[in-house]
Amino acid sequence: MAKSKSKSPQKSKAKAPSAAGAAGGTDVLARIADAIERLAPQRAPVPDLAGADAFIWQPDGRRLAPVKHVNRVEMSLLKGIDRVRDVLVENTERFAKGLPANNALLWGARGMGKSSLVKAAHAGVNATLARQTKSGPLKLIEIHREDIQSLPDLMTLIRGSHYRFIVFCDDLSFDAEDTTYKSLKALLEGGIEGRPDNAIFYATSNRRHLMSRDMMENERSTAINPGEAVEEKVSLSDRFGLWLGFHRCSQDEYLAPLRALARLSPLQPGRIPGDGRELCRALQDFGTRRNAAT
């Protein structure tokens, strides 16, 4: 009996460190779990798409920043591009109604209203939808050229939404050693997932094939098979089902939108002669100085 009583304190002393060790181990596991949670990529917040009709894609935070007031001009002010205007508006209307529509590449001379037409078409089709149907408005998402490689993340974010999206990239082109075009190429037609049914891609560019002439000539001169070397990058523009060319305008086409803008200016009423000749001469002088400066 004496031996058993003398051993009991020793057993209790041996159990105390074991309990402390278990508690310490639990704390270590909790700290490890917290560290892993901090290192894990955060889920992208679900954007509030009802708050605006236009957004800018911010890949760093994987979020859509709403644009309350879009920098756009009225469709009536876009002169000399009637044919391409009608084609793009019809394509946009078909997409808004859930009908087959094409990705569009607007290419050609600078200053001819390529990006203005995209934004005006978005606003015009939304206005038509509001009058004719109860379907939700089209959403315009601008993605910057340097963020093209994050397109899959953007598509994942908007896939499954009941809204329909025009993903718009202004002044799109690719230089030598730039491989980000492959992300766009896979999105447009290739890949397992491809482009979501509720998204369409519009791009503007000064280049028809989205690559410079020097770049194409360099590919031909350094490749074993010059035709195949250029084919891969030229095929990117072929992935756009709709090509719309914007060519240099005549003098009358140049003056038409400027006259329209002058009529809307609060500084012009009462100063424009009846035949508008003085205004036309001033606009021609401006165009000459502008071209000389550029």
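Any read-out appearing in this document is the output of simple, stated calculations on the displayed coordinates, not a laboratory observation. Owing to the predicted nature of the structure, the values given are computational and were not obtained by experimental measurement. Cβ: placed from backbone, ideal geometry, glycine included. Neighbour counts: every protein chain shown.
Can you compute 3J(HN,Hα) from phi for each residue in the range 100-113, using the Karplus curve 6.51 cos²θ - 1.76 cosθ + 1.60 with θ = phi - 60°, rounded to whole Hz and x for Gly and Pro?
x, 8, 10, 5, 10, 10, 9, 10, x, 5, 6, x, 9, x
Taking the Cα-to-Cβ direction at THR128 and at ARG94 and moving 7 Å from each Cα, how far apart do the two end points lie in nm?
That separation, rounded to one decimal, is 1.2 nm.
Suppose each label sits 7 Å from its Cα in the direction of the beta carbon; what would the VAL87-LEU242 distance come out to in nanometres?
Placing both labels 7 Å along Cα→Cβ, they lie 1.0 nm apart.
Arranged from highest to lowest average of other beta-carbon atoms within 10 Å per residue, in what order do the peptides 67-75, 105-113, 52-60 appear?
105-113, 52-60, 67-75
Can you figure out the FRET efficiency of ALA30 with ASP153, using R₀ = 45 Å and their beta-carbon distance, to the nearest 0.05?
The formula returns an efficiency of 0.90 here.
Mind giving me the FRET efficiency for TYR163 and MET75? R0 is 22 Å, r the Cβ-Cβ distance, nearest 0.05 is fine.
After rounding to 0.05, the efficiency reads 0.50.
What list of ³J(HN,Hα) values in whole Hz, one per residue of the range 149-165 in order, does the Karplus curve 6.51 cos²θ - 1.76 cosθ + 1.60 (θ = phi - 60°) give from phi, with Gly and Pro shown as x?
Going residue by residue, I get 5, 8, 4, x, 5, 5, 5, 5, 5, 9, 5, x, 6, 7, 7, 10, 10 Hz, with x marking Gly and Pro.
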